Number of protein chains: 4
Amino acid sequence: MTNEEMIYNAPTEVKDIEVINTYDLEEKVGKLLPKGGFGYIAGGVGDEYTLKQNIDAFNLKRILPRVLADVEHPETTTEVLGHELPSPIIMAPIAAHGLAHESKEVGTAKGVSDYGTILSISSYTGSDLYETAKVVKGTSKWFQLYMSKENEVNKAVLDEAKADGATAIILTADATVMGNREKDLRNKFVFPFDMPIVSRHFRGSVEDEALNNIYLESKQKINAEDIRFIADYTKLPVLIKGVQSPEDARLALDAGAAGIWVSNHGGRQLDGAPGAFEMLEEIAEVVDKRVPIVFDSGIRRGEHVFKALASGADIVAIGRPVLYGLALGGWKGVRPVFNYFETDLKRVMQLAGTQTIEDVKRTELY
Amino acid sequence: MTNEEMIYNAPTEVKDIEVINTYDLEEKVGKLLPKGGFGYIAGGVGDEYTLKQNIDAFNLKRILPRVLADVEHPETTTEVLGHELPSPIIMAPIAAHGLAHESKEVGTAKGVSDYGTILSISSYTGSDLYETAKVVKGTSKWFQLYMSKENEVNKAVLDEAKADGATAIILTADATVMGNREKDLRNKFVFPFDMPIVSRHFRGSVEDEALNNIYLESKQKINAEDIRFIADYTKLPVLIKGVQSPEDARLALDAGAAGIWVSNHGGRQLDGAPGAFEMLEEIAEVVDKRVPIVFDSGIRRGEHVFKALASGADIVAIGRPVLYGLALGGWKGVRPVFNYFETDLKRVMQLAGTQTIEDVKRTELY
Amino acid sequence: MTNEEMIYNAPTEVKDIEVINTYDLEEKVGKLLPKGGFGYIAGGVGDEYTLKQNIDAFNLKRILPRVLADVEHPETTTEVLGHELPSPIIMAPIAAHGLAHESKEVGTAKGVSDYGTILSISSYTGSDLYETAKVVKGTSKWFQLYMSKENEVNKAVLDEAKADGATAIILTADATVMGNREKDLRNKFVFPFDMPIVSRHFRGSVEDEALNNIYLESKQKINAEDIRFIADYTKLPVLIKGVQSPEDARLALDAGAAGIWVSNHGGRQLDGAPGAFEMLEEIAEVVDKRVPIVFDSGIRRGEHVFKALASGADIVAIGRPVLYGLALGGWKGVRPVFNYFETDLKRVMQLAGTQTIEDVKRTELY
Amino acid sequence: MTNEEMIYNAPTEVKDIEVINTYDLEEKVGKLLPKGGFGYIAGGVGDEYTLKQNIDAFNLKRILPRVLADVEHPETTTEVLGHELPSPIIMAPIAAHGLAHESKEVGTAKGVSDYGTILSISSYTGSDLYETAKVVKGTSKWFQLYMSKENEVNKAVLDEAKADGATAIILTADATVMGNREKDLRNKFVFPFDMPIVSRHFRGSVEDEALNNIYLESKQKINAEDIRFIADYTKLPVLIKGVQSPEDARLALDAGAAGIWVSNHGGRQLDGAPGAFEMLEEIAEVVDKRVPIVFDSGIRRGEHVFKALASGADIVAIGRPVLYGLALGGWKGVRPVFNYFETDLKRVMQLAGTQTIEDVKRTELY
């Protein structure tokens, strides 16, 4: 632990919040958080072309209002990998929630559990998995894995995740090297607290938790063999996260992936790449409904959820908006963010003439 | 009636106004009106992408100047559903004119009648239908219906509209749930006065006229049956407003609609939808001149009127600009707005080499 | 003559000027001229979409640099309707040069004559044709006609133009009604001086030289018959100015036009029209080299001249930039503007590997 | 030598620098350098459309992240014309490094040599070739030639270059006339120091080293014969620099060019031309791997290097960013710029699933 932790003032307030839109939340949080932490959460890579394109790309396809479709009270309930969900909106794995609020992942977990959707937990969690697992009631925990170069480390981490109740493993495959995050370089950003899984399991016991050092520990060569290994070892479904090319979707399916997670890491890895949404439809054609597709990167409104589902996603994951809710209200600030998305999605579903999530998936965008 | 009405200072001045363009009017009115009222009138939903696209989309098609077309003194007179009109420009149904001027719908009606075109009256009128009807001389009144879930309520409302002289019913089908109007949320906007039809007929006698409460009273499931019911019950022509999808146009025609009203509610319902003008041509192909097409959403200049007519509309409706005229000059401020559009349209017709409205409709845009 | 003339302070300085680019000139002149005069010269119509598009449209086609083309000292000399010219750049007809400089059209004429290209003179000249003609030495004068409704007036005007040495007539056909020039409306702009041809010949002896009154005098119905009449009456070549539609080009050619002048009046007539350059190629296909094509509207750089020639124009005309030169330096400020364009064009010709104007015309843009 | 040299304060500091991105360097240097020198280095021609498009055009093709590609530790080593290189990034020929730093080309050469890549030296070098050659150890020097109209001058210059160890000649063919550099005109920019090759060899011994005078000395008519002459006379490979048209690539290959250098002179010659990157793929098809392709103009990030290689380039050259490094840290500021590009390229290669430069070249962009 470094001196920096002493001076990182994460918010501590716990309260209900109002969500008019998620951009407002980002703006408020930008004023609330220490610069380094906010830069890490909100920033992208390089010119932030891809970060911006993640949101702009949604306007490449538009939703046609439907007015004589005879629907009312649209239902957002759905199912993925055997889990019943109140809406097709789950929590994305995101590192170091402690940057947003002193309650860290435990705060997020309590809020997500309160809403009742799937909680993805990052290898770079700041809270202990066990502590986090304790506060989650009745909802599923998916564990996100950054692979170590050492298989024994991977086994130990997976053992712990499984022991603490993970029902699926998310293999993040698009972060084999740290993206070019200029905000972090400018801020000379170092994680201001321990990350239990990193500390306990990753070789070399990282003294200085600078981003580069952490990434250096992780495995760069990820391939089909890794998917098979995780599936065999854990007997859990494995979702491959970071898929943007149809070829990778094919490889993942052939290797037995239980889900394809279309994402470009929120514009945090490779700049000059397309908006994540731009690749969704083509990948969905490859997947051809054989396994579920999760989509993240750029979801900020109910319209975006609708467009992602209508383009092939079964579920979307949100990350930054939830951390903004956490920053503003601790665990009580999390559920309002999910409620906002659900309410907004329902409104869009009504106006687009769709009664169910299956109707949304059958909708043709314009 | 709430306390808020006491403090909502609607303009009261009655005077002739100069109209250089309608954007100037909006800017002036933005300084004149209470924030809540102006936000309600001018605002759109969500990111206001669709609100902006409604106007920007007109640049997707351009008008070719014609110079040897041998025309002069272009004529804008036209006809719709048996009504002779000085121009193809009518008044759109828009709620709560009292937000713009103390004379409410009565002021608008007097001005529209002075110009001599069709007046559409909203279910959410702030003036009494009977009072409004009294000031309209020689021009037609179309009544816009937000359907209630209760058919008896619908019958009572339609009875009143018919008794007060409505010659057509506009069924608004694209507002079965309130759009995501963030300005209203920020302003915590509540209608600052009674709406007679809402108060008298809608069940539950809404105490607090917050927008959501009003919309909750309205019917969500709108279908072909509703069109047939209104037509049978009133024996009046029924226009279906809010059509943006060709499929809805087909359904409406099959159900006996007497007119298709292409609109996206002025960008006030579903954001992430195309600009209303973008859908006009495709819908016109479906309608195939069997019934008239009315177009609104984004008309701010004579060029826009021309482009809408050349893309399949028979008539356009204007809303916000008229309310701006009303705000600035009461009933005397209304006619100058219509005159502006007519004059501007004539200029465009001359420069585009078109003598009559029928010529405009035959024009190919570039 | 009105009181306004007393207070319109047109610049009076006569001096050589430096031209780095023509945008700088506009900026300087904007600070120098009375607001009304500058607004009239620089402004467009409506949203100024077409005004802006006139320049932006040039980027729709790009020039490929050529490097092994074996050219040097490119030659810009060319010929049109029998006139030898130092470059394919002539003076456009533009009204009321007195707004820019006290020397009025006489100043422009002296400068244009100094450069040695064709001078177009507007019907709305502020200087007397005879006075203007006197200062022009060795170069051609083309007279631009706004037709009157009265043929006797047209004859008298044409007689005077011919007597003063006009060698061609430019029939402006795209200004049969005044465009929607909001700047002029805001400035309540009235011409601050007499226009001799208007005063002497146009019926009704306009007291108040407001723009609308002037345009009201002009003929709206222009057709093939008018072209034949002017050609027969004057025995001079007649160029039809304002052509943007292929159909008008066809009509003009059939009626015996000696030249097609592709222009949208500098974005001053019909807003929502394409950039003038966008229509050039299609019209050139119709004209098929039977008569020369003159192009104006948006020419601000040598690159624009090159692109216009490579897209079908034989000659380009410049207007506003010349008036800016006149404003800044009187007659001595005019030639530097033409020199700027010629020098810039030569540079572009060299870099694009073209030795002659004919080579430029054969160039394919990218 | 003029008085101006006395007052041109080139930076003198020698120190290591941090490179977060090259835009930051430009910004810092803009504050550090005299206006005239910075304008010359950073500026483009005309509207700077092409300068901007050089960078923007990279977004026309995007890189697809690859995640199951099984790569790690990507290697950037490559080879061109027999030279082994640490990365496909070489130093572009650029004039007058003395504008950036008092150490002039000698400083750059020392830094480039330290990194270990090819150094291109301009005819307009401010340092003596011999002095520059002395500091270069173990890396190759390519000499860039602006041809004189006099063949004897060309021979003398080539003799000197060869004597000082040049291993290839870069014939710059796109600067047969000076581009329209408005910044230099505004700044009345004159080179503030002697350029040894210009002074010693170019006829007329230019007293006043204004840009135009220098360019006037150079040959305008460049053709296939010139390529043959240089190749025959020097027996060195000749690369043709400034190729943007497929036709020029064909002509150069037929004349025996040993390399095609795709470039638009960094947007410094012909404005209104495409971004250089836009032409790369089409030219690569013509070249068809018969000779290497070097690409410059707009390379500012590793993503750009990747996209250029994936579009047909074998090597990219960087110019301005290196001069910014030189300005900020003298010779010690040069290598960090190359390291930045190499590191960034490696990151992109990893994230795009490419192990070697050959893999990059086989990548399809999206």
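The values are calculated or read from the model by the stated rules, or taken from the named source; none is laboratory data. Predicted model only: the values in this text are computed from it and were never measured. Methodologically, a virtual Cβ is constructed for each residue, glycine included, from the backbone with ideal geometry; neighbour enumeration extends over all protein chains shown. Side chains included, ligands, DNA and RNA excluded: accessible areas come from the protein's heavy atoms. Shrake-Rupley method; radii C 1.70, N 1.55, O 1.52, S 1.80 Å.
Here are the numbers:
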{"item": "Overall form of the range D:40-153 per C-alpha gyration tensor (a/c, 1.5; a/b vs b/c)", "result": "oblate"}
{"item": "FRET E, pair D:Glu282, D:Tyr366, Förster distance 25 Å, beta-carbon r, rounded to 0.05", "result": "0.85"}
{"item": "Additional length obtainable on full extension of the chain from C:Arg228 to C:Asp159, 0.36 nm per residue less Cα span", "result": "23.2 nm"}
{"item": "Degrees separating the helix A:320-329 axis from the principal Cα axis of chain A, which is the longest one", "result": "70 degrees"}
{"item": "Given charges at Cβ of Lys, Arg, Asp, Glu: the protein assembly as shown dipole, positive-most of B:Ile197, A:Val80, B:Leu328", "result": "B:Leu328"}
{"item": "Cα shape, the protein assembly as shown, gyration tensor, a/c 1.5 rule", "result": "oblate"}
{"item": "Using alpha-carbon coordinates, inclination of helix D:335-351 to the longest axis of chain D, degrees", "result": "20 degrees"}
{"item": "Theoretical FRET efficiency, 1/(1+(r/R0)^6), r = Cβ-Cβ of C:Arg186 and D:Glu152, R0 60 Å, to 0.05", "result": "0.35"}
{"item": "Mean Cα-pair separation over length for the range C:208-366, i.e. relative contact order, pairs under 8 Å, 6 or more apart, %", "result": "17 percent"}
{"item": "Size of electric dipole in the range D:96-232: Cβ of Lys, Arg +1 and of Asp, Glu -1, about Cα centre, debye, nearest 20", "result": "240 debye"}
{"item": "Semi-axis lengths, Å, chain D, gyration tensor of Cα atoms, sqrt of 5 times eigenvalues", "result": "30, 24, 20"}
{"item": "Pseudo-label separations to other copies for A:Asp288 - Cα-to-Cβ vector, 7 Å, nm", "result": "3.8, 3.8, 5.4"}
{"item": "Where chymotrypsin sites (Phe, Trp or Tyr not before Pro) fall in DSSP loop in the range B:227-329, at most 15 other Cβ within 10 Å", "result": "none"}
{"item": "Cleavage-rule hits (trypsin sites (Lys or Arg not before Pro)) in the range C:285-366: DSSP loop, at most 15 neighbouring Cβ within 10 angstrom", "result": "C:Lys289, C:Arg290"}
{"item": "Dipole magnitude of chain A about its Cα centre (Cβ charges: Lys, Arg +1; Asp, Glu -1), debye to nearest 20", "result": "260 debye"}
{"item": "Most fluctuating residue given options C:Ile17, C:Ile315, C:Ile94, as computed from a GNM of chain C linking Cα atoms under 10 Å", "result": "C:Ile17"}
{"item": "Charge dipole magnitude, Cβ of K and R +1, D and E -1 - the protein assembly as shown, Cα centre, debye nearest 20", "result": "840 debye"}
{"item": "Listed residue (B:Thr343, B:Leu158, A:Gly259) projecting farthest to the positive dipole end of the protein assembly as shown, Cβ model", "result": "B:Thr343"}
{"item": "Hz values of 3J(HN,Hα) by residue in the range C:100-111 - Karplus curve (6.51, -1.76, 1.60), Gly and Pro given as x", "result": "9, 7, 4, 6, 6, 4, 4, x, 4, 4, 4, x"}
{"item": "Cα-Cα over 23 Å, subset of B:Lys137/B:Lys162; B:Lys110/C:Lys183; A:Lys346/B:Lys188; A:Lys31/A:Lys188; A:Lys221/A:Lys241; C:Lys141/C:Lys332", "result": "B:Lys110/C:Lys183"}
{"item": "Beta bridges by DSSP in the range B:3-361, antiparallel share as percent, to the nearest 5", "result": "15 percent"}
{"item": "For A:Glu152, label point 7 Å along C-beta direction: distances to other copies, nm", "result": "8.1, 8.1, 11.4"}
{"item": "Of D:His73, D:His265, D:His304, the one that fluctuates the most in a GNM where chain D has Cα springs shorter than 10 Å", "result": "D:His73"}
{"item": "Label point distance in nm, C:Asp56-C:Ile7, each placed 7 Å from Cα along Cα→Cβ", "result": "3.7 nm"}
{"item": "Within the range A:107-205, trypsin sites (Lys or Arg not before Pro) in DSSP loop having at most 14 other beta-carbon neighbours inside 10 Å", "result": "A:Lys137, A:Lys188, A:Arg203"}
{"item": "Helix D:224-234 axis, angle to chain D major axis (alpha carbon atoms, nearest 10°)", "result": "80 degrees"}
{"item": "Residue-level accessible surface for B:Met91, protein heavy atoms, 1.4 Å, Å²", "result": "0 Å²"}
{"item": "Karplus (6.51, -1.76, 1.60) ³J(HN,Hα), θ = phi - 60°, over the range B:156-168, in Hz, Gly and Pro reported as x", "result": "4, 5, 5, 4, 5, 4, 5, 4, 8, x, 4, 10, 7"}
{"item": "DSSP-defined beta bridges in the protein assembly as shown - what % are antiparallel, rounded to 5", "result": "15 percent"}
{"item": "At 7 Å out from Cα toward Cβ: B:Leu60 inter-copy label distances (nm, ascending)", "result": "1.7, 1.7, 2.4"}
{"item": "Charge tally in the Cβ shell below 11 Å around B:Gly302, where Lys, Arg are +1 and Asp, Glu are -1, B:Gly302 excluded", "result": "+1"}
{"item": "Solvent exposure ordering (accessible area, 1.4 Å, most first) of D:Asp184, B:Asp164", "result": "B:Asp164, D:Asp184"}
{"item": "Theoretical FRET efficiency, 1/(1+(r/R0)^6), r = Cβ-Cβ of C:Asn339 and B:Arg290, R0 56 Å, to 0.05", "result": "0.30"}
{"item": "Probe 1.4 Å - accessible area at D:Val71, Å² to nearest ten", "result": "10 Å²"}
{"item": "Shape of the range B:173-299, Cα gyration tensor, a/c cut at 1.5", "result": "oblate"}
{"item": "Area of D:Glu285 that stays accessible when all protein chains are in place (1.4 Å probe, Å², to 10)", "result": "130 Å²"}
{"item": "Environment charge of B:Asp174, counting only residues whose C-beta is closer than 10 Å and scoring Lys/Arg +1, Asp/Glu -1", "result": "+2"}
{"item": "Relative contact order (%) - criterion: Cα under 8 Å, at least six apart; region: the range D:1-153", "result": "18 percent"}
